[in-house]
Amino acid sequence: MQSNCCDMLVFGGTGDLALHKLLPALYYLHRGGRLHRDTRILALARSPHTRAAYQALAERHCRAQVARADFDDDIWRSFAERLDYFPMDASQSADFGRLAKALGSDRERVRVYYLATAPDLFEAIATHLKVAGLAVAGARIVLEKPIGHSLQSAQAINAGIGAVFDESQVFRIDHYLGKETVQNLMALRFANALFEPVWRAGHIDHVQISVCETLGVENRGAYYDNAGAMRDMIQNHLLQLLCLVAMEAPVRFDAESVRNEKVKILEALKPITGQDVRDKTVRGQYTAGKIGGQEVPAYYFEKNVDNDSDTETFVAVQAEINNWRWAGVPFYLRTGKRLARKTSEILIQFKPVPHQLFGNGQANQLLIRLQPEERISLQLMAKNPGKGMRLQPVELDLNLADAFNKQRRWDAYERLLLDVIEGDSTLFMRRDEVEAAWQWVDPIIKGWQQHYQSPRPYAAGSNGPEQLEHLLERHGRQWIEEAE
Ligand code: BG6
């Protein structure tokens with residue numbers, strides 16, 4: 001099925017996000033026949049590329065990102081016909097006048113402005129779009145995370161954007177929400193009656209949400225050194241996962257109902273301030289080490305990173321939700337770069353049975369893995385064959401790729417770009433959600449600054465700083481580490 005006819009304008013068109021994620025996702029949508037026949041894609045950036053030079057650049061990146069079997073020269077050529085480049089300086093109002101002329105005034109087309117730029121350009125771009133008469137009704141603006149640097153800067157950006165676009169036109173993207181397994185988490189919870197009665201304090205001991213990466217900061221040192229893992233990952237991706245695990249069932253599966261429930265969770269997060277910043281958070285930064293047998297340098301030797309940087313590349317936090325369902329159940333979040341393995345997963349650790357009949361029982365665990373493979377597995381206790389009641393944990397394992405006959409899994413950006421074109425904001429963050437997330441994150445960052453809590457070193461290729469273990473051990477718990 002084809003989507004609305006649109007003009008997709010990508011600001012930051014020569015950046016990593018556009019070349020590594022957005023264009024490959026658009027290529028796949030084109031290949032799958034999802035884009036309207038007349039949809040155009042216009043990349044915008046300062047470099048003085050010609051159309052042909054930009055198409056060549058885009059082709060190089062798409063060939064590298066798209067699976068070899070899925071890249072076809074004829075399909076590329078027809079995709080490239082949609083693809084144009086417009087050199088401009090997004091901070092210059094006059095350039096938007098030129099842009100308006102180049103675009104023409106076809107009112108049938110949905111205008112999508114994708115801001116794959118630094119957040120400090122968001123407001124200026126929105127204002128220039130307005131002045132040039134481009135902020136028309138029905139247009140959509142897509143903002144990449146992080147929205148701002150703090151609550152205050154996020155509020156300023158949201159207000160600046162809100163002065164030009166109605167909230168229904170604003171799509172704040174968090175690509176984790178576009179991942180299949182993340183949406184499957186909602187299916188698991190709200191399309192199966194089985195889990196609901198036990199999905200609460202009383203039955204659940206704690207929850208672990210881990211997003212571990214083996215990559216370092218790659219070419220993004222300049223951005224990352226100003227952001228750090230708290231702003232880059234916890235404020236958005238991990239808190240979104242926490243919301244989906246913890247929220248109540250929405251009345252309907254539509255944008256307002258889903259987002260209303262998520263925001264209630266963010267508002268119920270117990271603030272972490274004062275002594276709690278020391279007790280309930282761990283900050284780390286990688287030193288030199290080995291990833292997959294290769295030596296990798298310390299963070300402070302990465303390109304465009306200050307060599308006395310105290311930016312964190314690892315964070316773990318013990319979060320708590322002050323509501324009836326979750327009071328007393330810790331949600332342990334952790335994320336980091338240059339760790340031993342790449343994995344994103346959610347572990348629901350149930351409480352042990354109230355009375356142990358067999359001596360060596362272990363409590364049930366439900367593991368929801370987003371990456372590297374999409375899997376849901378429930379660990380149950382079973383009896384070992386033979387005489388006696390010797391118990392052993394076994395897994396009820398659902399590999400989602402196998403269950404759906406290895407159908408190609410859409411990349412998160414494919415799904416989300418299509419949602420933008422179709423105007424469905426269910427999987428995007430509303431203004432109050434983003435601000436509520438900053439409200440919780442800000443005091444932690446301030447606490448680190450006030451107590452000069454510099455990041456703890458951890459060797460690249462390890463599981464993180466040793467203080468990580470204490471966060472759970474002091475409550476008699478352990479991080480899940482195994483991969484299979
Ligand atoms: C991005 C962060 O939002 O998510 C990156 O800015 C991080 O630092 C990436 O590497 C992780 O995404 P994924 O989909 O690879 O888990």
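The values are calculated or read from the model by the stated rules, or taken from the named source; none is laboratory data. Values in this document were obtained by computation on a predicted structure and should not be read as measured data. Ideal geometry is used to build each Cβ from the backbone, glycine not excepted, and the neighbour counts take in all protein chains shown. For the accessible areas, the whole protein counts, side chains as well, though only heavy atoms, and no ligand, DNA or RNA atoms are used. Shrake-Rupley method; radii C 1.70, N 1.55, O 1.52, S 1.80 Å.
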### Query
Within segment 203-211, is even one residue over 25 Å from VAL251 (Cα atoms) and open to solvent by 10 Å² or more (accessible area, probe 1.4 Å)?
yes
### Options ASN364, ASN307: the member that is open to solvent by 40 Å² or more (accessible area, probe 1.4 Å), over 30 Å from ILE173 (Cβ atoms), among the polar types (S, T, N, Q) and at pLDDT 95 or above
ASN364
### Query
Which residue out of GLN275, GLN318, GLN285, GLN356 is under 19 Å from SER462 (Cβ atoms) and either over 20 Å from the mean Cα position of the chain (by Cα) or open to solvent by less than 80 Å² (accessible area, probe 1.4 Å) (or both)?
GLN285
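Residue-wise test of (1) under 21 Å from LEU416 (Cα atoms); (2) in a helix (DSSP H, G or I); (3) in contact with a Cys (Cβ under 6 Å, 6 or more places away or on another chain); (4) charged (D, E, K, R).
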| position | (1), (2), (3), (4) |
| --- | --- |
| SER3 | yes, no, no, no |
| MET8 | yes, no, no, no |
| LEU17 | yes, yes, no, no |
| LEU23 | yes, yes, yes, no |
| LEU44 | yes, no, no, no |
| ILE75 | no, yes, no, no |
| TYR85 | no, no, no, no |
### Residue list for segment 147-188, restricted to those being assigned to a helix (DSSP H, G or I), hydroxyl-bearing (Ser, Thr, Tyr) and away from the ligand (no atom under 16 Å from the Cβ)
SER153, SER168
### segment 189-216, residues that are part of a loop (DSSP other than H, G, I, E, B) and closer than 24 Å to PRO354 by Cα
ALA193, LEU194, PHE195, TRP199, ARG200, GLY202, HIS203
### Query
Hey, does segment 219-230 have a residue that's within 16 Å of the ligand (Cβ to nearest atom), crowded, with 17+ Cβ neighbours inside 10 Å and part of a loop (DSSP other than H, G, I, E, B)?
yes
### Message
Under 8 Å between Cβ atoms, which residue pairs at least 6 apart in sequence (or on different chains) link something in segment 397-418 that is in contact (Cβ under 8 Å) with a residue 24 or more places away in the chain and closer than 25 Å to LEU347 by Cα with a partner that is β-branched (Val, Ile, Thr) and within 15 Å of the ligand (Cβ to nearest atom)?
### Response
LEU400/THR181
### strands (runs of 3 or more DSSP E) within segment 232-318 that include 1 or more residues within 16 Å of the ligand (Cβ to nearest atom) and hydrophobic (A, V, I, L, M, F, W, C)
289-291, 294-296
### Message
For a quick check of your reading of the model, give me the residue pairs whose first member lies in segment 357-386 and is within 14 Å of ILE346 (Cα to Cα), whose second is open to solvent by 50 Å² or more (accessible area, probe 1.4 Å) and within 16 Å of the ligand (Cβ to nearest atom), with beta-carbon atoms closer than 8 Å and at least 6 apart or on different chains.
### Response
GLN371/LYS342; PRO372/LYS342; GLU374/GLU180; GLU374/ARG409
### Task
Output the residue which, of all residues in segment 110-146 that are part of a loop (DSSP other than H, G, I, E, B), away from the ligand (no atom under 16 Å from the Cβ) and in contact (Cβ under 8 Å) with a residue 12 or more places away in the chain, is nearest to the chain's Cα centre (by Cα).
ALA139
### Query
Taking the condition assigned to a loop (DSSP other than H, G, I, E, B) and open to solvent by less than 40 Å² (accessible area, probe 1.4 Å), does ILE445 pass?
no
### Query
If you check every pair at least six apart or on different chains, which have Cβ atoms under 8 Å apart with a residue in segment 73-90 that is closer than 28 Å to HIS128 by Cα first and a residue that is assigned to a loop (DSSP other than H, G, I, E, B) and of a type in the set (A, V, I, L, M) second?
ARG82/LEU35
